[in-house]
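Worksheet for the structure shown next.
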Amino acid sequence: MSEDSRYEAVCSRDARFDGQFFFGVTTTGIYCRPSCPATTPRRKNVRFFPTSAAAQGAGFRACRRCRPDAVPGSAEWNARADSVGRAMRMIGDGVMDREGVSGLAARLGYSARQVQRQLTAELGAGPVALARAQRAHTARILLRTTDLRASEIAFAAG
């Protein structure tokens, strides 16, 4: 892979290249993954490395936004997906119905605004819409699989 195509992957923030190479920014002394959400550096300030150890060996420190020193598949590698998964489990358990968005955010350790942003970015819908969809799904399942009356199903689904 040429350096120009690597720089194009950095410009497009393509997560498919995460772990295949890392880039260091000479003006800041920081190295990142190709999908880092930070401002894209100028081409003349970028050096490419095959591993994070090579970038550290060249005197660069890890970016605190994209965590390139974390192991792929760990919670630190994709923190947003991890928190979104936890949020979805909590919504499924009924936390949104009992405590609302602020309660969900408090349990996750984020602000309500951050939870809204993360869920919308990953799933395309906010916590309220996801909770409504969860209740509708529960109601559909109860309608198909039980002999309960519609009023009992509505109460059971939330």
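Key figures for this structure:
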| quantity | calculated |
| --- | --- |
| Residue-wise HN-Hα coupling along region 108-125, computed from phi with Karplus coefficients 6.51, -1.76, 1.60 (Hz; x: Gly, Pro) | 7, x, 10, 7, 4, 5, 5, 4, 4, 5, 5, 5, 5, 5, 7, 10, x, 8 |
| Pairwise FRET efficiency - Thr138 versus Tyr110, Cβ, R0 = 35 Å, nearest 0.05 | 0.85 |
| Zone of Ala54's modelled label, taken as backbone nitrogen in region 25-39 under 20 Å from a point 7 Å along Cα→Cβ | 25-36 |
| Selected from Thr28, Phe48, Cys63, residue furthest toward positive end of dipole (the chain; charges at beta carbon) | Thr28 |
| Residue-wise HN-Hα coupling along region 128-140, computed from phi with Karplus coefficients 6.51, -1.76, 1.60 (Hz; x: Gly, Pro) | 5, 5, 5, 5, 4, 4, 5, 5, 5, 5, 4, 4, 4 |
| Across the chain: Cys residues that no other cysteine approaches within a C-beta distance under 4.7 Å | Cys11 |
| Theoretical FRET efficiency, 1/(1+(r/R0)^6), r = Cβ-Cβ of Ile153 and Val128, R0 25 Å, to 0.05 | 0.75 |
| Amide H contacts of Phe48 (H built 1.01 Å from N, under 5 Å, at least 5 apart or other chain) | Gly24 |
| Electrostatic dipole magnitude of the chain [Cβ: Lys, Arg +1; Asp, Glu -1; Cα centre; debye, to 20] | 380 debye |
| Part-to-part distance (alpha-carbon centres) for region 85-158 and region 1-40, which is given in Å | 36 Å |
| Selection from Thr39, Gln114, Leu148, by position along the positive dipole direction of the chain (Cβ) | Thr39 |
| Accessible-area order (highest first, 1.4 angstrom probe) of the listed residues Arg135, Arg65 | Arg65, Arg135 |
| Accessible-area composition of the chain, carbon plus sulfur, in percent [1.4 Å probe] | 50 percent |
| Considering only the chain, percent of DSSP beta bridges that pair antiparallel, nearest 5 | 70 percent |
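The values are calculated or read from the model by the stated rules, or taken from the named source; none is laboratory data. As the structure is a computational prediction, the values presented were derived from the model and not from experiment. A quick note on method: Cβ atoms are made from the backbone with ideal geometry, for glycine too, and the neighbour counts reach across all protein chains shown. Surface areas here come from the heavy atoms of the whole protein model, side chains and all, with no ligands, DNA or RNA. Shrake-Rupley method; radii C 1.70, N 1.55, O 1.52, S 1.80 Å.
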